[in-house]
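Asker: To start, I am sharing the structure in question, which I have written as structure tokens.
The values are calculated or read from the model by the stated rules, or taken from the named source; none is laboratory data. Being a predicted model, the structure only gives us computed values, none of them experimental. Here the Cβ positions follow ideal geometry from the backbone for every residue, glycine too, while neighbour counts run over all protein chains shown.
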Amino acid sequence: MKKIIVIFIIFFIALFGLPIIFTKSNFNVGEKRIEENIIENVNIEETKEIKENNEQPYLYSQYSNIELLHSTTGEKEKLPLDTYLLGVVSAEMPAQFEQEALNAQAVVARTYTIYSIKNNNNKHEEADICDNPSCCQAWISKDDRLAKWDNNNKEEFWKKIEISVNTTKGKIITYDGEPIDAFFHSNSGGITEIPVNVWGGTDFPYLQSVQTSGEDAYAQYSSEVILSKEEFIKKIKEKYKNFEIDFNNKDCIKVVEYTNSNRVKTIQVGNIKISGIEFRNIVGLKSANFKVQTNENEIFFEVQGYGHGVGMSQTGADSMAKNGASYEEIIKHFYTGVELINL
Ligand SMILES: [Zn+2]
């Protein structure tokens, strides 16, 4: 009788118990999968990139995503840091440039971003950074970028941008262990400028004046501006209403002082004395490294370099890369005494 009861119990368990166990087990697995999917969706970009690069993820989890302010629309967009950097590198540097120059730009862009997040609190209220190049860094979406490139080299160019961000993943430039304020510009005219000569204030030990050869091979190296005397007077009067000038005086436009990097520091123009930077902005010159000539009707400016001249010169970086420099060498050339670290 006992035997029959035992057999009955085993039969009962087999009939009802096991399906319950399996069902519960499957339910648990399904639940876990759902949880994993949620986590995977949140970190989908990072997970994909980490797997592709087989590298460590960013240790500072707060830098995984950034809040980008679109300056024209006022809209904010949350982007994974590396996705944001693709848009910065492709907006800031011509993709025709050498791979190592693009890699240097990616590190500079990442450093600038981290520096901004750490130091520019409340500059854009809830956003970390904006896409206005004269405020923060330029940025362009992938779709807009591809639409502007020629069909023949679209894929090659985008691949180069991706390589620049992925091969430098997590790397930033530091001085004394802190991210640097990584200024950059288009063409230094052969020698970079120190920040105090551009914005005043104090200097940074890592932003020294350095020379780079080969920048004269680029279109950004030299430019000209020709203004009629009337146009010239009008431009200055927009800012200085009491401006007067006597073109019969041979010293009516005279450089008073040059910076150590050969840019105009102070200039006397008629009855006003202003900085070379302000003069450059008023007249619309590409840099403060210029020479002036006048003739009967016109004023002629011969300009060297493009941009403020502080930090990395992009064409200088490309020139160095053409001569075999790595992105680390390029960065250490333009930023004095710095180290590259992994975030
Ligand atoms: Zn901004």
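Asker: Please go through (1) modelled with pLDDT of 95 or more; (2) buried (at least 16 other Cβ atoms within 10 Å of the Cβ); (3) closer than 30 Å to A321 by Cβ for T212 and return the number of the only condition it doesn't satisfy.
Answerer: With (1) modelled with pLDDT of 95 or more; (2) buried (at least 16 other Cβ atoms within 10 Å of the Cβ); (3) closer than 30 Å to A321 by Cβ applied to T212, the lone miss is (1).
Asker: Moving on. Consider only pairs whose beta carbons are under 9 Å apart and that are at least six residues apart or on different chains; among these, list those whose first residue lies in segment 106-129 and is closer than 19 Å to V310 by Cβ and among the aromatic types (F, W, Y) and whose second residue is within 13 Å of the ligand (Cβ to nearest atom) and modelled with pLDDT under 95.
Answerer: So the pair list comes out as Y112/I129; Y112/C136; Y112/Q137.
Asker: Applying the selection to segment 117-126, what residues are touching a strand residue (DSSP E or B) at 6+ places or on another chain (Cβ under 7 Å) and either modelled with pLDDT of 90 or more or near the ligand (Cβ under 8 Å from one of its atoms) (or both)?
Answerer: H124
Asker: Out of all the residues in segment 60-73, which are surrounded by 15 or more Cβ atoms within 10 Å (Cβ to Cβ) and either of a type in the set (F, W, Y) or at positive phi (or both)?
Answerer: Kept after step one, since they are surrounded by 15 or more Cβ atoms within 10 Å (Cβ to Cβ), are these residues of segment 60-73: 63-71.
Y63, the sole residue that qualifies.
Asker: When you go through S188, S134, S164 one by one, which is the residue that is within 16 Å of G309 (Cα to Cα), in the same structural domain as H333 (by TED's automatic domain parsing) and of a type in the set (S, T, N, Q)?
Answerer: Working: S188 fails: in the same structural domain as H333 (by TED's automatic domain parsing); S164 fails: within 16 Å of G309 (Cα to Cα).
It is S134.
Asker: Which of the numbered conditions does E98 fail, given that it passes all the others? Conditions: (1) at pLDDT 95 or above; (2) touching a Leu at 6+ places or on another chain (Cβ under 9 Å); (3) away from the ligand (no atom under 16 Å from the Cβ); (4) not β-branched (V, I, T).
Answerer: The failed condition is (2).
Asker: Right, here's the next one. Tell me the helices (runs of 4 or more DSSP H) entirely within segment 74-151 that contain at least 1 residues that are surrounded by fewer than 14 Cβ atoms within 10 Å (Cβ to Cβ). Steps first, answer last, please.
Answerer: Working: elements: 81-92, 99-119, 142-148.
Output list reads 99-119, 142-148.
Asker: What residue, among those in segment 218-260 that are under 30 Å from D318 (Cα atoms) and touching a Phe, Trp or Tyr at 6+ places or on another chain (Cβ under 8 Å), is surrounded by the most Cβ atoms within 10 Å (Cβ to Cβ)? So that I can check it myself, show each step before the final result.
Answerer: Filtering segment 218-260 for residues under 30 Å from D318 (Cα atoms) gives 218-226, 258-260.
Subset that is touching a Phe, Trp or Tyr at 6+ places or on another chain (Cβ under 8 Å): 220-221, 223-226.
Values: Q220: 19, Y221: 21, S223: 17, E224: 11, V225: 16, I226: 13.
For segment 218-260, the residue satisfying everything is Y221.
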